[in-house]
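First the structure, in the form of C-alpha cells, and then the observations on it.
The values are calculated or read from the model by the stated rules, or taken from the named source; none is laboratory data. Computed from a predicted model, the values in this text were never measured in an experiment. We place every Cβ from the backbone using ideal geometry, glycine too, and count neighbours over all the protein chains shown. The accessibility values were calculated without ligands, DNA or RNA, using every heavy atom of the protein model including side chains. Shrake-Rupley method; radii C 1.70, N 1.55, O 1.52, S 1.80 Å.
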Amino acid sequence: MSDKYDLVVIGGGPAGYVGAIRAAQLGLKTAIVEKRGTLGGTCLNVGCIPSKAMLQSSHHYEMAAHEFKHHGIDVTGLKLNLKNMLARKEKVVDDLTKGIEFLMKKNKIDYVVGAGEIVEAGKVAVSPGKGKKKQTLETDAILVATGSEVTPLKGVTIDEKQIVSSTGALSLPKVPKEMVIIGAGVIGLELGSVWRRLGANVTVVEFLDVALPGMDAEVSKNMQRILKKQGMTFKMKTKVTAAKKAKTGVTLTMEPSDGGKKETMKADVVLVAIGRRPYTDKLGLEKAGVTVDERGFVPVDEDFQTNVAGIYAVGDVIGGAMLAHKAEDEAVVCVEILAGETGHIDYDSIPGIVYTHPEVAAAGKTEEQLKEAGVEYNSGKFPFSANSRARCNADADGFVKILSDKATDRVLGCHIIGPQAGDLIQEVVNVMEFGGSAEDIARICHGHPGLPEAVKEAALAAGGRAVHI
Ligand code: FAD
Ligand code: NAD
C-alpha cells in the first residue's frame, strides 16, 4: 500500500479534528498535523472550554456569595480558592484534549505533531521542533484549518501577565483589584464576568457606542444594562492609544473614538479583546500560490476549495463567524464533498451564544437587518419575568424575541437574553432549518413549568396571541 494520504489536515482545532474524523469515516486515509502539542485547537485549549469552565465556577461562587440567601440558604465562611478553581479548569481541558487524541486513534487517523507547511499542492512538510526529523507527507488533498489568533492593539503590547489576551485572562494567578477590558465583544463580556464575579472591579472600554456589536440592538442595549447592574462599568466610544507598565500596574491612555481630550486610567490587569484575525504564519500559502484576502483570510469556493486545486480551507481561517460549531460543520461539508458526497451548511441559522449570566443567544436576522432589507416582519416578545420556571429559579432577567415573516410567518430570527438562552435557541434553530413558522413553535406542546415555554409564548406573541402576558 502506498504511503500517500487521501487527506492531510493542517490544524487540530474543531475544524481540523472533526474534518479528519469525518474523512476517516468516509474511508479516506487521513493524517492530522498539529503544532500545539495537544489537539482541540483554540476552542479546547484556550477558548470555549476553559472559559466556560471558569464561567461555571465563578457563577457558583457568585450564587453562593449573593443569591443563596434568597433561597433560605445561609452561607458563612465562604472563601475563594482560585488555585483549585484554575486546577479544575485545567483538568477539564486536559481530559477533553486527551479524548480527542483517543478519537484520532479510534478512527485510525495519523496524528503528526509539528508545524505543517505546504510545499506545493499534494505535499506538506512537518517540522516537529528542535532536534527532531522533518518529514514530508504526500497527499491527494490538503485541508487548511489553522484557525485564528488574537488581534493585537497598537501601543498595548500583550505580555500575558499585566496585559493579557484571552489566554492569559483564563489563568490569572490572583484576582486583580482593577481590571480594564478593551473591547465589549464576546470575550470581553464573558471573561469580564468571570473576574467581576470573583471580586475584580471591571471597566470595559469599547470603541463603538454599543456592546456586542452586530447583535440585535435591543439585545445589545439590554445586556449592557444588565451587566452594568451586576457591577461592570462601561466606557463607550473610547479608544485606548497607549499602555505604560510599571510594577504597580498599567496606566492606559485613552481618548474619544473620534478624537478629543486624552485621559488616563490605571489597572492591575488589562485584557485586550478587540477581535481575532486569521492565522496562517509560516504555512507556505504564498509559495503554494494560495490567495489570501487583504485581511489575511483564505477565500474559498462553495466546496471550500481555495484558488489552488486540491487545497481546501475551513473554520476561522476562512472568515465569517468565528465559532467552533461553524468551523466543525464547514469541515464536515468540505470533506463529504471531497469524498464524492453532497454537503450543505445554512449560514442563516448558525446560533451565536454569549455565556454571560444571563446568557445571550441569537440566530437568523436581527430587526435591523430585516428593516434594512425592507422585509416586513412580526415581532413576538415574551419576558422571563412572566415565565413560571424562571420565577421558581429566581432567574428571570431577559426575554425571548421571535421575528417571523409577515406574509408567510416563517421564522427569520430569534434573539434571547435569559437563563440557558444558549440551550433554548436550539429549538428555534431546528424550526428555522426546516423552514418552519412561528405558529409551528406555538402549536408544539412544551413541558410545564419550563424555560422553553418562554419560546412558545414568544412564538404565540408573534401571532398576537401570547397567553401569559
Ligand atoms: P483553531 O481552534 O484556532 O485551531 C487551529 C489549530 O491549528 C490550532 O491548534 C493551531 O495550533 C493549529 N495550527 C496553526 N497553524 C498550524 C501549522 N502551520 N501547523 C500545525 N498546526 C497549526 N466558539 C464557540 O463556538 N463557542 C464558544 O464558547 C467560544 N468561546 C471562545 C472563547 C475564547 C476565549 C476564544 C479565544 C474563542 C472562543 N470561541 C468560541 C471561538 C472558537 O474557539 C473558534 O471559533 C474555533 O476554535 C475555531 O476552530 P478552528 O479549528 O478553525 O481553529
Ligand atoms: P468581538 O469581535 O466579539 O469583539 C471585539 C470588540 O472590540 C467589538 O465590540 C469592537 O467594537 C471592539 N473593538 C475593536 N477595536 C477596538 C479598540 N481599538 N478599542 C476598543 N474596542 C475595540 O471579538 P472578541 O470578543 O475578541 O472575540 C473574538 C472571536 O472569538 C469572536 O469572533 C467570537 O465569535 C469568538 N468567541 C466566541 C465566543 C462564544 O461563542 N461564546 C466566546 C468568545 C469568543
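Annotations
- Here the condition is being assigned by TED's automatic domain parsing to the domain that holds Gly122 and in contact with a strand residue (DSSP E or B) (Cβ under 7 Å, 6 or more places away or on another chain); of Ala53, Ala31, Ala65, it holds for Ala31 alone.
- Restricting the stretch 200-221 to residues that are away from ligand 2 (no atom under 16 Å from the Cβ) and surrounded by 17 or more Cβ atoms within 10 Å (Cβ to Cβ), the residue that is farthest from Glu368 (Cα to Cα): Ala200
- Of all residues in the stretch 151-184 being buried (at least 23 other Cβ atoms within 10 Å of the Cβ) and farther than 22 Å from Ser57 by Cβ, the one that is nearest to ligand 2 (Cβ to nearest atom): Gly183
- Contact map, the stretch 237-264: first residue over 15 Å from Ile163 (Cα atoms), second residue away from ligand 2 (no atom under 15 Å from the Cβ) and open to solvent by 90 Å² or more (accessible area, probe 1.4 Å), Cβ cut-off under 7 Å, separation 6 or more or different chains; pairs are Glu255/Lys261.
- If you go through the stretch 9-50 and keep only what is open to solvent by less than 20 Å² (accessible area, probe 1.4 Å), β-branched (Val, Ile, Thr) and more than 16 Å from Glu328 (Cα to Cα), you end up with Thr30, Val33.
- A residue that is away from ligand 2 (no atom under 16 Å from the Cβ), under 30 Å from Glu138 (Cα atoms) and of a type in the set (A, V, I, L, M) cannot be found anywhere in the stretch 358-376.
- Subset of the stretch 8-31 (residues that are touching a Gly at 6+ places or on another chain (Cβ under 8 Å) and over 21 Å from Met322 (Cα atoms)): Val8
- The residues in the stretch 339-372 that are of a type in the set (Gly, Ala, Ser) and exposed (fewer than 15 other Cβ atoms within 10 Å of the Cβ) can be counted, and the count is 1.
- Selection from the stretch 11-47 of residues that are among the β-branched types (Val, Ile, Thr) and within 16 Å of ligand 2 (Cβ to nearest atom): Thr42, Val46
- Strands (runs of 3 or more DSSP E) within the stretch 308-374 that include 1 or more residues free of Cβ contacts under 8 Å to residues at least 12 places away in the same chain, more than 16 Å from ligand 1 (Cβ to nearest atom) and within 20 Å of Glu190 (Cα to Cα): none
- Looking only at residues of the stretch 282-331 that are within 16 Å of Ala141 (Cα to Cα) and of a type in the set (Phe, Trp, Tyr), we find that the one that is nearest to ligand 2 (Cβ to nearest atom) is Phe304.
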